[in-house]
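Written out below as structure tokens is the structure these notes cover.
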Amino acid sequence: MELFKHLEIKNENQPQDIKSTEKVRCLIIGSGPAGYTAAIYTARANLRPVLYTGLQMGGQLTTTTEVENFPGYPDGISGQALMEDLKRQAERFGTDVRFGTVTDVDFTGPVHEVIVDGEKMIEANAVIIATGATAMYLGLEAETRYAGMGVSACATCDGFFYKGKDVAVVGGGDTAAEEATYLAGICRKVYLIVRRNELRASKVMQREVLNTPNIEIMFQHQAIDLFGENGVEGAVLVKKKGTPEEEIVKLKIDGFFLAIGHKPNSEVFSKFIETDQVGYLKTIPGTTKTHVPGVFAAGDVQDPVYRQAVSAAGTGCMAAIDAERYLAEIHK
């Protein structure tokens, strides 16, 4: 069975001002749970991995104040501290952790070429891509102001903190319906804020939402601001924007959840590795292997379903083992 369609491979934008070149056995791109876990395993396998962190060292988890669902931390831990623990563990076994961003790649040959910050070329026998995904936001200034103080893009990560409280979920697709249903089992009241006059979610998910008594759907509403002293205390909505019936509504809530999608950080790789319609890197089922020999993908950049720190760490482990076996095979 053909798992991947043919890809036309081009690399027209490769910089010409490369100042240095370095050869490594295993290169890891990304510093979230997937990247650091891959680093721990490859370092212990004596692959001497080099890891480039990207712009956000530690990934999305560093923006989370408290993590209570990562195994091994019974009292919870801040996202920043958790990622620092993983980084220290990776470095303990010899991972060379560097700050830098991959700006271009060339996966056409048996040795993979990766450009860092537009000026350094890394030639790697194996590459593990763990660049994650970025949650989409509305673009409100208040989303930044209340980050970690009532604004979240992950109900399964942060929903527990709003037990017995009132929250709002923004979105009308399957993700929003799933988040609202999940939160309804924890919270007192869930408002589902939908910009259109209908849900885009599948019929099954629509029925689930409609049959959950503590979910209230607010059709034709858009969030335009948030308010509160020491955290989110409410949202300002506009109802039927641009119509004669336009109305400003103030909604009292304790938590504001975005469920309007995620954008995988895969653009620089997409001319060589096939993606789905959204941009998630495709891997051979049951593995972290892409269709390019020696290139592996782990974590949220290839996972549109679970998007959890622990599942990302699991695929990081898988990618390390896949890479170790690949390197052993080509050096037989």
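The values are calculated or read from the model by the stated rules, or taken from the named source; none is laboratory data. Quick caveat: nothing in here was measured; it's all calculated off a predicted structure. All Cβ positions, even for glycine, are placed from backbone atoms using ideal geometry, and neighbour counts span all protein chains on display.
Figures for the structure shown
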{"item": "Test: residue in the range 201-221 that is at pLDDT below 95 and not in a helix (DSSP H, G or I)", "result": "yes"}
{"item": "From Ile18, Ile77, residue being touching a Phe, Trp or Tyr at 6+ places or on another chain (Cβ under 8 Å) and at pLDDT below 95", "result": "Ile77"}
{"item": "Filter result for the condition that a residue is assigned by TED's automatic domain parsing to the domain that holds Thr283, in contact (Cβ under 8 Å) with a residue 12 or more places away in the chain and surrounded by 15 or more Cβ atoms within 10 Å (Cβ to Cβ), over Val151, Val102", "result": "Val102"}
{"item": "Among the residues listed as Ile28, Ile40, the single one being part of a strand (DSSP E or B), among the aliphatic types (A, V, I, L, M) and within 11 Å of Ala320 (Cβ to Cβ)", "result": "Ile28"}
{"item": "Residues (in a helix (DSSP H, G or I) and surrounded by fewer than 20 Cβ atoms within 10 Å (Cβ to Cβ)) located in the range 51-66", "result": "Thr62, Thr63"}
{"item": "Flag if Phe272 is more than 30 Å from Arg195 (Cα to Cα), assigned to a strand (DSSP E or B) and modelled with pLDDT of 95 or more", "result": "no"}
{"item": "Matching option when the condition is outside any strand (DSSP E or B) and among the charged types (D, E, K, R), among Glu91, Glu123", "result": "Glu91"}
{"item": "Looking only at the range 67-85, and only at residues there that are under 17 Å from the mean Cα position of the chain (by Cα) and in contact (Cβ under 8 Å) with a residue 40 or more places away in the chain, the one that is surrounded by the most Cβ atoms within 10 Å (Cβ to Cβ)", "result": "Met83"}
{"item": "Some residue of the range 129-142 being closer than 19 Å to Val97 by Cβ and not in a loop (DSSP other than H, G, I, E, B)", "result": "yes"}
